[in-house]
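Comments concern the structure below.
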Amino acid sequence: MSSQTMGNVGALQAEINDLLKKSVRVLVVSHIDPDGDAIGSQLAFASYLRWLGKDVVSLRDSALPDKYRFLQGSESIVAIDDFVIAGNIDTAIVLECPNLDRAGRVGSLIGEDTTIINIDHHADNDKFGHVNWIDPGASSVGEMIYDLIAVPGYRIDTATAEQIYTAILTDTGRFRFSSTSPKAFQIASELVAAGADPQKICDSVYYNMRPSAMRLIGKVLNSIEFHRDGAICLLNLTRDMLQSSGAEESDSDGLVDFALFSKGVRVGALIKEAGPETTRVSFRSRDGINVAELAARFGGGGHIKASGCTLKGGLQDSRKVIIKMLEEAVDG
């Protein structure tokens, strides 16, 4: 098993490319409820593998959000329910999954003889692969993919440039999160030079909402709650809100960011009713509150300032648990 250390990133990248050259049928998968980094990275990596002459299987276990369908090749990421197994998968590329469970049912296609290449930028990654490239300092997995595919003879075309630019743009919160490094800007500049259109991408992702999504935003913002003198902001999303607005699950992507829009808020959460006894929570924070540690208490994880988890329990009971935990974090 190989893992990244500060001094061996180049060697690890070379090891990954050597393994890919020997592979025949390669699975590429990212996490359930995919975001821009997951989708952009998955598409870009699949294109690179096809250039290498590999038989590529690119799968997902969640709906593809409409706002990312502008990316060329998005339809090539096949829903697992529509996938017909034909042949052995010798290598699996698992992107942005802190553990294999985050890949959903796609993980069941990875056999004992499958070589797993685990590429992620979450510090809490379980290192479940045969090769583990984990870089918490990277702005996104898209940034890591850009480095990996920078090999002699491979030219990043416009489609791939837009895919990676989308990955970096969305995972840096439009280049405003603390993960936004000089390197992220440098790569973005090179992607624009390769054909990525910043206005087209930003408009497609952030300014092209369906009316149903706008109605959902209104309902969620109307549910806003403040606790601890405004240091905590909570947003709630029920199944009824989704149904009455005509929205889809993917329309809630990014709603948690509103929790930090108010002055004085140190930590925020979007509490989402996923089922009668299942509640999903997304966290955002500032001022040194580590929400990755909070999410880890329920088997989740992520980054220090952005994380998520799933609770077993209804929305109201889960809300009480989350509020108490956030109050303790703020008081701490």
Inter-label distance for VAL24 and ASP240, nm, one decimal - labels placed 7 Å from Cα along Cα-to-Cβ: 5.6
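Taking a threshold of 23 Å on the Cα-Cα distance, which of the pairs LYS67/LYS324; LYS263/LYS305; LYS67/LYS200; LYS22/LYS183; LYS127/LYS183; LYS200/LYS272 fall above it? If you can, show how the numbers build up before the last one.
Numbers: LYS67/LYS324 35 Å; LYS263/LYS305 17 Å; LYS67/LYS200 12 Å; LYS22/LYS183 31 Å; LYS127/LYS183 25 Å; LYS200/LYS272 30 Å.
Long pairs (Cα-Cα over 23 Å): LYS67/LYS324; LYS22/LYS183; LYS127/LYS183; LYS200/LYS272.
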Region 211-331 - Rg (one decimal) and Dmax (whole number), Cα, Å: 13.3, 40
Given 176-187, 117-128, 132-143, the highest-first ranking by average Cβ count within 10 Å works out to 132-143, 117-128, 176-187
Using only the alpha-carbon atoms, how far is helix 158-171 inclined from the longest principal axis of the chain? Give it as 0 to 90 degrees, nearest 10. 30
Connecting every pair of Cα atoms under 10 Å apart in the chain and solving the GNM, the largest mean-square fluctuation among LEU27, LEU109, LEU242 falls on LEU109
Only loop residues by DSSP count here, and only those with at most 16 other Cβ atoms within 10 Å; note down the GluC sites (Glu not before Pro) in region 206-290 that meet that. GLU248, GLU277
Could you derive backbone 3J(HN,Hα) for region 207-222 from the dihedral phi with the Karplus parameters 6.51, -1.76 and 1.60 (θ = phi - 60°), listing whole Hz in sequence and x where the residue is Gly or Pro? 10, 9, 6, 6, x, 5, 5, 5, 5, 5, 4, x, 5, 5, 5, 6
Cross-link partners among lysines for LYS21, C-alpha distance below 20 Å, same-chain residues fewer than 8 apart left out? LYS54
If one compares the long axis through the Cα atoms of helix 9-22 with the longest principal axis of the Cα atoms of the chain, the angle in degrees, nearest 10, works out at 60
Value of relative contact order over region 211-331, rounded to a whole percent, pairs C-alpha under 8 Å and six or more apart: 21
How tilted is helix 36-51 with respect to the longest principal axis of the chain? Cα atoms for both, answer in degrees (0 to 90, nearest 10). 10
Projected onto the charge dipole of the chain (unit charges on the beta-carbon of Lys, Arg, Asp and Glu, signs +1, +1, -1, -1), the Cα from GLY153, VAL28, THR170 with the largest positive-side position is that of THR170
Run the helix sum for the chain: -39,500 (n - 2.57) per DSSP H stretch of 4+ residues, divided by residue count, reported at 222 nm to the nearest 500 deg cm²/dmol. -10500 deg cm²/dmol
Does the chain come out rounded, prolate or oblate by the C-alpha gyration tensor, with a ≥ b ≥ c the root eigenvalues, rounded set by a/c under 1.5 and, if not, prolate when a/b is larger than b/c and oblate if not? prolate
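No value in this document is a laboratory result; all are computed from the given coordinates. Predicted, not measured: the structure shown is a model, and the values here were computed from it. All Cβ positions, even for glycine, are placed from backbone atoms using ideal geometry, and neighbour counts span all protein chains on display.
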